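Notes follow once the structure below has been shown.
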Amino acid sequence: MRAACRSLSRRYSISIPPHPYPQQSAFSTARKKTWFSRATPPVSSSPTATRPRSLHTTPKMSPPSDYQKALSRLSALQSNLAITSLFTAPLPDGTDRNAAAIPEMLFWLSRAGGLSPQAIASSGLKCVHVAGTKGKGSVSAFVGSILAQYSQPEHKVVGVYTSPHLVDQRERISLLSAQGNGLMISEEKFAKYVNLVWDSMTDEAKRQLGSGAKAEEELEGPGTKPFYFRFLTIVALRAFVDEGVRDAVVECGIGGEYDSTNVLPGESVTAAVVTQLGIDHVGMLGDTVEKIAWHKAGIFKRGVKAFTIRHPRETVGEVLRERAREKGAGLVEVSEEEVRGWKGVEGGRLQGPFQKGNMALAVHAAREHLIRTGHKFEGRFGVDGEWGLDDIPEEFVKGLKEASLRGRCEVVRDGKDGTEWLVDGAHTEDSLAGVGEWFASRAGDDGLRVLVFNQQERDPKILLTALLNGAEKEAGGSKQVFTHAFFTRNEELPPKEGEKRDLAVQTKVEETMREYSGAVESRVCDNVQSTIEQVRALAAKARAEGKECRVVATGSFHLVGSVLRSMNE
């Protein structure tokens, strides 16, 4: 893997497995710049999603706890945003920047205590693998919750690996049980596996490179570790294997063909899912839905069924079907008619009119996983070709209702005044249109209806317009869904004395809102804390007048994470 460790190998003599792709990859190029330097804190599991620059503050303590050591180590890793930023411009020689991704991931996997694909397969771990542009987090949560209803005493927990996290990095790794015990992994276990993987990689680097007074500290640092998402993917797999997890759900970060999670061996995958597709991460995946579909279908495995909802554009379906033939997978295209004709499961924690399609995919994938792992269903549900979504057993209904995922169609109450907040990290046109419909379906005609919005990296005008159009559609053509709007930066706290923050983005979308409806009272803010305080003041005034106040916060996971943390403080 010369590309994986090129910068390191120039300084030291190192034995690296032959690299099948001689060109230097995007990932090793990024590492070349900061191989032994402390990088900025990780910004997300999904490299181009906006995330808080610093999610944890390590308190001064001597010696630090294992958990604080783990957090400190994670904060030193190369950020995913730094990696994906390399894809903004093509290489002059036309080299595919993605080409070395999987070989490099296999190299890093081998350094984590011998955690090879063969070792994963022999452990008995069986996974549902989920890719897609939107809805993949919700589908992963639904599948995990369903499988947890069938967890056996000897296999106590179901593992779920998702991204990004919003408040706590442990949100990415969940251990679920039928008793509802466990959600995100405990601090003790999280620290154990982060430090185990880190130390294993350090030891392997020392073994190959030797040690010296100056080199020792460098070998123990982030320079001999992969970037953030790769590292946490390895941590999750290490945890699942060592905890004896037999049933798991693994969500892709970006794409599929070259995603870090695609080191899963075919023997360990029971079902693949491609959720709704759209334009996103074009630098890495391409600028058409067809190109993106090609990447997402990269998780298809020989002899394994893959599930998707039939795409309205036939050319996209052709890509998925061709990829299934190429990889020897069986593609099941769930029809829109089947989803629309199903009454769905109401009263769940993951809400929104668009969740019915995600639920349907989860039902198909969970059923396939359970059958492949030896479960036998009674009645029509157990007969291929005869069952329908209305035949799902009570365990599936319970699993769909209990599924939860931070920042996706999440309803929370402000701990200080009880105001209802709907939070969703949607950051694509289709997703934001769905959030607009969701809010409008709950907002009512009376009281205050408040929007808190931001998007720093994509065209905020286009995304806000999609949100407003979705809300207007659900409201029967009314442009009065919102009474107030706050356009804020993502920083939680007010600026320090003398600090100036650029509000050009917020001013731009405020103008868009004014053009859309002059009746909406809109404001620009430079931090989330002040925004929440102003919303609370509006809510208090509304309560004094006998009115309700509902709020939706959306536009990016970064914003949603800041809102959730600020409300909890």
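The values are calculated or read from the model by the stated rules, or taken from the named source; none is laboratory data. Just so you know, these numbers come straight off a predicted model, no measurement behind them. Using ideal geometry, Cβ is built from the backbone for each residue, glycine included, and neighbour counts are taken over all protein chains shown. These accessible areas exclude ligands, DNA and RNA; they are computed on the full protein's heavy atoms, side chains included. Shrake-Rupley method; radii C 1.70, N 1.55, O 1.52, S 1.80 Å.
Taking the range 495-569 and the helices (runs of 4 or more DSSP H) fully enclosed by it, the elements with 2 or more residues that are exposed (fewer than 13 other Cβ atoms within 10 Å of the Cβ) and free of Cβ contacts under 8 Å to residues at least 40 places away in the same chain are at 504-516, 528-544.
For the range 484-494, a residue qualifies if it is over 18 Å from V450 (Cα atoms) and either basic (K, R) or open to solvent by less than 80 Å² (accessible area, probe 1.4 Å) (or both), and the qualifying residues are E491, E492, P494. Of the residues contained in the range 164-180, one or more are found to be open to solvent by 40 Å² or more (accessible area, probe 1.4 Å) and without any contact (Cβ under 8 Å) to a residue 40 or more places away in the chain. Just one of the listed residues (V412, V435) is assigned to a strand (DSSP E or B), touching a residue at least 40 places away in the same chain (Cβ under 8 Å), of a type outside the set (D, E) and touching a strand residue (DSSP E or B) at 6+ places or on another chain (Cβ under 7 Å), namely V412.
Could you list all residues from the range 327-341 that are out of contact with any helix residue (DSSP H, G or I) (no Cβ under 9 Å at 6 or more places or on another chain) and either of a type in the set (D, E) or not in a loop (DSSP other than H, G, I, E, B) (or both)? Matches in the range 327-341: E337 only. Can you find, within the range 446-483, the residue that is surrounded by the fewest Cβ atoms within 10 Å (Cβ to Cβ) among those that are touching a helix residue (DSSP H, G or I) at 6+ places or on another chain (Cβ under 8 Å), part of a loop (DSSP other than H, G, I, E, B) and of a type in the set (G, A, S)? Here the answer is S478. Looking at the range 407-429, which of its residues are buried (at least 17 other Cβ atoms within 10 Å of the Cβ) and farther than 23 Å from A466 by Cβ? Once the filter is applied, which keeps residues that are buried (at least 17 other Cβ atoms within 10 Å of the Cβ) and farther than 23 Å from A466 by Cβ, the range 407-429 yields V412, D414, T419. All of A365, A324 fail the test of being among the aliphatic types (A, V, I, L, M) and within 30 Å of K401 (Cβ to Cβ), apart from A365.
Against the conditions (1) in contact with a helix residue (DSSP H, G or I) (Cβ under 6 Å, 6 or more places away or on another chain); (2) open to solvent by less than 30 Å² (accessible area, probe 1.4 Å); (3) closer than 22 Å to L115 by Cα, K206 satisfies every one except (2). For first residues located in the range 331-348 and aliphatic (A, V, I, L, M) and at pLDDT 95 or above, partners that are open to solvent by 60 Å² or more (accessible area, probe 1.4 Å) and in a strand (DSSP E or B) and lie 6+ apart or on another chain with Cβ distances below 9 Å form the pairs L331/K305; V332/K305.
With a requirement of 2 or more residues that are within 23 Å of the chain's Cα centre (by Cα), modelled with pLDDT of 90 or more and over 21 Å from V235 (Cβ atoms), the helices (runs of 4 or more DSSP H) lying completely within the range 48-166 that satisfy it span 136-148. Scanning the range 342-386 for residues that are open to solvent by 70 Å² or more (accessible area, probe 1.4 Å) and not in a loop (DSSP other than H, G, I, E, B), we see that the one that is farthest from V397 (Cα to Cα) is R372.
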